[in-house]
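Heads up: the structure comes next, in structure tokens.
The values are calculated or read from the model by the stated rules, or taken from the named source; none is laboratory data. Note that the coordinates shown come from a computational prediction; the quantities given were computed from them, not determined experimentally. Every residue, glycine among them, receives a Cβ derived from its backbone with ideal geometry; neighbour counts consider all protein chains shown.
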Amino acid sequence: MKKILGRWTVPLVILLIAAAIIVPRTLRGRQTAELNIFNWTEYMPQEILDAFAKEYQVRINYDTYSSNEEMLAKLTAGASGYDIIVPSDYMVSVLLKQGLLEPLNKEVLTNWDNLDPRFLNLEFDPENRYSVPYMWGTVGIAVNTEFVKDKITKWEDLWNPKYAGYIVLPDDPREIIGMGLQVIGKSRNSTDPQDLEAAKQKLSALMPAVKAFDSDSPKSLLLSGEVYLGMVWNGEAVLAALENPNILYVIPEEGGGIWMDTLAIPKSAKNKDLAHEFINFLLRPEISAQLSEAFPYGNPNKASHAFTDPKILNNPAAYPPESALQKAEWLKDVGEATVIYDRIWTELKGE
């Protein structure tokens, strides 16, 4: 080695030592590390993934799902390679009951204080030992007023025969059955078999009118004019309205839904340290603001608001007034009644 390097040996050694000092400890030895993320479709800007991969010298593998139930099914079927998942509120409870989540090391999450306390210590994870708030929002109705001249105010309006064949719904059993329950005046978390059967009968009348079940990008169908209205998550409605101001978002009179998606680490994760680094990266205010710009849901990272376009912060579809949320319900783990929900969903989709 000395013979080849000659007089450059000493300077090179010095440079190597300096590099070892300058490169953060979190990066050392990670040149071949991989982070495996399992997230909802259209829910993470590519530029954020690229920025993390570049800064931490890692490779990111990114898979998507369309519902909490799809994610749960893959995890329980043995999909053990994921380091980050993004379960919704009630699904955190389900995953905890099955022992599938890793406790968080909050000492590593130095950006934790950026989170709004209103979105911490909620019922599904009282001390946030396992989940980190990611995004929050509502479930309501998007309406293209170019085609729909009636004033849409409630879920029940979707049953109007004039809209048959022009309705979009998410491919999501809890949301759809929850809507059916609210239409008949029940809680969207009811476990009463009679309530659930009545909701099924109500929804059976709507199924033939549905053009598509689309959890991935229902805004595309709204923008193309293939559908006129339907159930959507609020961020989808905001994005659609940015392209077409004729599209409005309505929180239904029956209450609609309120939700929060979270970041969590599966028990089976192989790269738990790197997963914590990624969560802390997302909690940086300027990074979190990029989430809001790309997907304008409510952002529980209060520090990110200083970096977010005021047009998003002042948009009532993204940040509804408290008065609009008074009757909105969170989804909860329905325990053993899940079997009934699954059966009803299978029967409804088979009609």
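When you go through (1) surrounded by fewer than 15 Cβ atoms within 10 Å (Cβ to Cβ); (2) of a type in the set (Ser, Thr, Tyr); (3) more than 22 Å from ILE177 (Cα to Cα) one by one for THR41, which number turns out not to apply?
Of (1) surrounded by fewer than 15 Cβ atoms within 10 Å (Cβ to Cβ); (2) of a type in the set (Ser, Thr, Tyr); (3) more than 22 Å from ILE177 (Cα to Cα), only one is false for THR41: (3).
Could you please let me know if ALA77 is of a type in the set (Gly, Ala, Ser) and either within 17 Å of VAL339 (Cβ to Cβ) or touching an Asp or Glu at 6+ places or on another chain (Cβ under 9 Å) (or both)? I'd like the intermediate steps shown before the answer.
On the way: of a type in the set (Gly, Ala, Ser): yes; either within 17 Å of VAL339 (Cβ to Cβ) or touching an Asp or Glu at 6+ places or on another chain (Cβ under 9 Å) (or both): no.
Taking the combined requirement at face value, the residue does not satisfy it.
Scan (1) at pLDDT 95 or above; (2) within 30 Å of ALA164 (Cβ to Cβ) for the single condition ALA324 breaks and write down its number.
Of the numbered conditions (1) at pLDDT 95 or above; (2) within 30 Å of ALA164 (Cβ to Cβ), the odd one out for ALA324 is (1).
Report the residue count in the stretch 294-311 for those that are at pLDDT 95 or above and in a helix (DSSP H, G or I).
The qualifying residues number 8.
Which condition number does ILE258 fail, the rest of (1) crowded, with 23+ Cβ neighbours inside 10 Å; (2) within 23 Å of ARG188 (Cβ to Cβ) being met?
If we test ILE258 against (1) crowded, with 23+ Cβ neighbours inside 10 Å; (2) within 23 Å of ARG188 (Cβ to Cβ), just (1) comes out false.
Can you tell me which residues in the stretch 226-257 are assigned to a loop (DSSP other than H, G, I, E, B) and not small (Gly, Ala, Ser)? So that I can check it myself, show each step before the final result.
The first filter runs over the stretch 226-257 and keeps only residues assigned to a loop (DSSP other than H, G, I, E, B), leaving 226-228, 244-246, 251-256.
The answer is GLU226, VAL227, TYR228, ASN244, PRO245, ASN246, ILE251, PRO252, GLU253, GLU254.
Restricting the first residue to the stretch 322-343 and requiring it to be in contact (Cβ under 8 Å) with a residue 24 or more places away in the chain and not assigned by TED's automatic domain parsing to the domain that holds LEU95, which pairs with a second residue that is in a strand (DSSP E or B) and among the aromatic types (Phe, Trp, Tyr) meet a Cβ separation below 7 Å and a spacing of at least six or different chains?
Listed pairs, sorted by first residue: TRP330/TRP259; LEU331/TRP259.
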